[in-house]
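K.L.:
Take this structure, written in structure tokens, and hold onto it; I'll ask about it next.
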């Protein structure tokens, strides 16, 4: 199975469910950058509720994701401070924060996508998951929309593709059927896991970092058991 998705900053759990169900995951890094989206920010839980953890960037309206630069590395250190402020009392804080801090301080990040990819690899390492990760830019394919998706699948000789409901809205399923490719739609339903700041109640749709800090030992199982795959009938 193969799945494809735009580069994101510390993505939410459904993103990781799709990855964990794949043999190959392709991170799209040579498509247009989406301003004010999850490519450079994601949600965490704080004493006052849900809040964005953001990496400010420099970009143009025509910038591809892999062309976007981080505004200043001081903001990466600010990210570490924000995580420490909000998660220092979490059960697995020392383990997870230690890994993130070591990664961040081991190199100088100039481009957003480099940071996103390394944090993705680290998250998968922390939950003991092994998936082949590739970048769309490595394939030098110039097609667009569902043709790009189809060409990437074909370039990897895969016959089963995982997508979300959003992807189905623009895909011409006949194109995939003609190439013998089966389409699976994934869904994800949250159930409460351990979180800090109980007065705020359980908050869904947070970055994976919240689960890693609070329930690292069951994180992989939690992700896998709360998602589902369904074959899309043509």
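The values are calculated or read from the model by the stated rules, or taken from the named source; none is laboratory data. Being a predicted model, the structure only gives us computed values, none of them experimental. Every residue, glycine as well, gets a Cβ built from its backbone with ideal geometry; the counts of neighbours run over all protein chains shown.
K.L.:
Please go through the stretch 105-131 and give me each residue that is assigned to a helix (DSSP H, G or I), under 18 Å from the mean Cα position of the chain (by Cα) and farther than 17 Å from residue 32 by Cβ, ordered by number.
P.N.:
At the first step, the residues of the stretch 105-131 found to be assigned to a helix (DSSP H, G or I) are 105-106, 112-126.
Of the ones still in play, those that are also under 18 Å from the mean Cα position of the chain (by Cα) are 112-126.
Selection gives 114, 115, 117, 118, 119, 120, 121, 122, 123, 124, 125, 126.
K.L.:
Okay, moving on. Among the residues that make up the stretch 184-204, is at least one of them in contact with a helix residue (DSSP H, G or I) (Cβ under 7 Å, 6 or more places away or on another chain), free of Cβ contacts under 8 Å to residues at least 24 places away in the same chain and either within 19 Å of residue 31 (Cβ to Cβ) or surrounded by fewer than 17 Cβ atoms within 10 Å (Cβ to Cβ) (or both)?
P.N.:
no
K.L.:
Further question on the same structure: So which of 39, 34, 6 ends up being in contact with a strand residue (DSSP E or B) (Cβ under 6 Å, 6 or more places away or on another chain) and touching a residue at least 24 places away in the same chain (Cβ under 8 Å)?
P.N.:
Numbers: 39 fails: in contact with a strand residue (DSSP E or B) (Cβ under 6 Å, 6 or more places away or on another chain); 34 fails: in contact with a strand residue (DSSP E or B) (Cβ under 6 Å, 6 or more places away or on another chain).
Answer to the check: 6.
K.L.:
Just to be sure before I move on: is residue 75 modelled with pLDDT under 95 and either touching a strand residue (DSSP E or B) at 6+ places or on another chain (Cβ under 9 Å) or closer than 27 Å to residue 127 by Cα (or both) in the structure I sent? Full working, then the answer.
P.N.:
Values: modelled with pLDDT under 95: yes; either touching a strand residue (DSSP E or B) at 6+ places or on another chain (Cβ under 9 Å) or closer than 27 Å to residue 127 by Cα (or both): yes.
Yes, satisfied.
K.L.:
Of the residues that make up the stretch 132-155, is at least one modelled with pLDDT of 95 or more, part of a loop (DSSP other than H, G, I, E, B) and touching a strand residue (DSSP E or B) at 6+ places or on another chain (Cβ under 7 Å)?
P.N.:
no
Rundown of residues vs (1) surrounded by 21 or more Cβ atoms within 10 Å (Cβ to Cβ); (2) assigned to a loop (DSSP other than H, G, I, E, B); (3) touching a residue at least 12 places away in the same chain (Cβ under 8 Å), yes/no style:
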position	(1), (2), (3)
17	yes, no, yes
27	yes, no, yes
66	yes, no, yes
72	no, yes, yes
78	no, no, no
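K.L.:
Let me ask something else about it. Give the residues of the stretch 88-109 that are under 20 Å from residue 40 (Cβ atoms) and surrounded by 15 or more Cβ atoms within 10 Å (Cβ to Cβ), sorted by residue number.
P.N.:
Hits for the stretch 88-109 are 100, 103, 104, 109.
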